[in-house]
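Below you'll find the structure, written out as structure tokens, and then a few comments.
The values are calculated or read from the model by the stated rules, or taken from the named source; none is laboratory data. The model shown is predicted, which means the values in this text are computed figures rather than measured ones. Methodologically, a virtual Cβ is constructed for each residue, glycine included, from the backbone with ideal geometry; neighbour enumeration extends over all protein chains shown. For the accessible areas, the whole protein counts, side chains as well, though only heavy atoms, and no ligand, DNA or RNA atoms are used. Shrake-Rupley method; radii C 1.70, N 1.55, O 1.52, S 1.80 Å.
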Amino acid sequence: MSLWETLTNFDDAWPLLLRPGLIGAALCAMCGVLSVPVVLKRLSFAGQGISHSAFGGIGVAAVVGVLMAGGGAAAVGVGQGGLVEFGIVLVFCIGAAMLMSSVGDRKTTHEDTGIGMLLVAAMALGGLLVEVSRQLAVAKGLAPSARTWESVLFGSVMVSGDGDVWLAWGVATAVIAAAWWWRRGLLFWTLDEQSAPVFGVPARRMRALLMALLAVAVVTSMKLAGVVPATALLVLPGAIALRLSKSLRSVIALAVGTAVAGLVAALLLAVALNIQPGPALVLVLTGIYGGAAVVRRAGA
């Protein structure tokens, strides 16, 4: 079926373009807003650390799923990709984010070193617990989980359900509302962390708040799109926008707009070329960043 036929047929367009587009738009809006402070505060590695620490949460969910499975039931890891697993991973990642925030406030260990240690520790824990869950499943006479790391790294909005639309927009609305409510403190801390305490802005709380919002955004994006696209959405839109503008309002608008434009292009390429939209989105945004860099140099 051609791209045009898909676009003009609602029954085909809904699962292939419209539903993924609605989910992706929510993720783009949420991550686009957060990507600006992430880039300004050089927290790109922190976003990657949070996303990869989710493997630890997946391992915990896998073990809990086997322990909760009834006699003769399949070991489903508390519903792989389900809400219970989502909740476990979310709590795990928020905890990891708080540890990363604590490391960032101390001077005894460099921030990137602390994040790197937490990242590899969480991934190792996740891998170990997934293997433990498989051994427990075999011991209980259950079917071991067939979930692969690739399904987490490059998840796809193409296989999402209608309920995921509500989940994406519900979480995105909550995250954006929280960022708006504390916008003054977050912006002051983002632009001038050293002076923030002098003007009554609690720097440590702002860092912890941003890290918590990042954790929520990462886990949601990972569940619906995969770890790699989630990481890209938290870095590339902000980096592109800051290449093109220095006005804070326009930078945030550009970040969200760029993310949405990349999503639309990725979905169209996915349908037209029969490829995964996650990797396509990352490559499209990377290409846009390269174009923005050329435009910036030409205008310099």
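The stretch 182-235 and the stretch 260-278 have Cα centres separated by 28 Å. Sequentially through the stretch 33-41, phi angles give Karplus couplings (6.51, -1.76, 1.60; θ = phi - 60°) of 5, 6, 5, 5, x, 4, 6, 4, 8 Hz, Gly and Pro residues having no value and appearing as x.
Considering only protein heavy atoms and a 1.4 Å probe, what is the carbon-and-sulfur percentage of the accessible area of the stretch 179-300? Don't jump to the answer; show the numbers that get you there.
Details: 3870 of 5880 Å².
Carbon and sulfur together cover 66 percent of it.
The A139 and V84 beta-carbon pair, evaluated with R₀ = 30 Å, returns a calculated FRET efficiency of approximately 0.85.
Over the stretch 178-300, calculate the relative contact order: mean separation of alpha carbon pairs under 8 Å at least 6 apart, over the residue count, as a percent. Intermediate results must be reported in sequence, preceding the final value.
On the way: 91 pairs, mean separation 23.8, N = 123.
Contact order relative to length: 19 percent.
Would you mind classifying the stretch 204-252 by shape? Square roots of the alpha carbon gyration tensor eigenvalues, ordered a ≥ b ≥ c; an a/c under 1.5 is rounded, otherwise it is prolate if a/b is larger than b/c and oblate if not. Don't skip to the answer; put the middle values down first.
Details: a/c = 3.08, a/b = 1.28, b/c = 2.42.
Since a/c reaches 1.5 but b/c is at least a/b, the shape of the stretch 204-252 is classed as oblate.
Model label sites at I275 and R249, defined 7 Å from Cα along the beta-carbon direction, differ in position by 3.8 nm. Once both labels are positioned 7 Å from their Cα atoms along Cα-to-Cβ, the gap between W180 and S102 label points is 3.4 nm. Residue ranking by accessible heavy-atom surface, 1.4 Å probe, largest first, among D164, D112, D192 comes out as D112, D192, D164. Per residue, the stretch 213-300 exposes 41 Å² of accessible surface when a 1.4 Å probe is rolled over the protein heavy atoms with every protein chain present. T258 exposes around 20 Å² of accessible area when a 1.4 Å probe is run over every protein chain in place.
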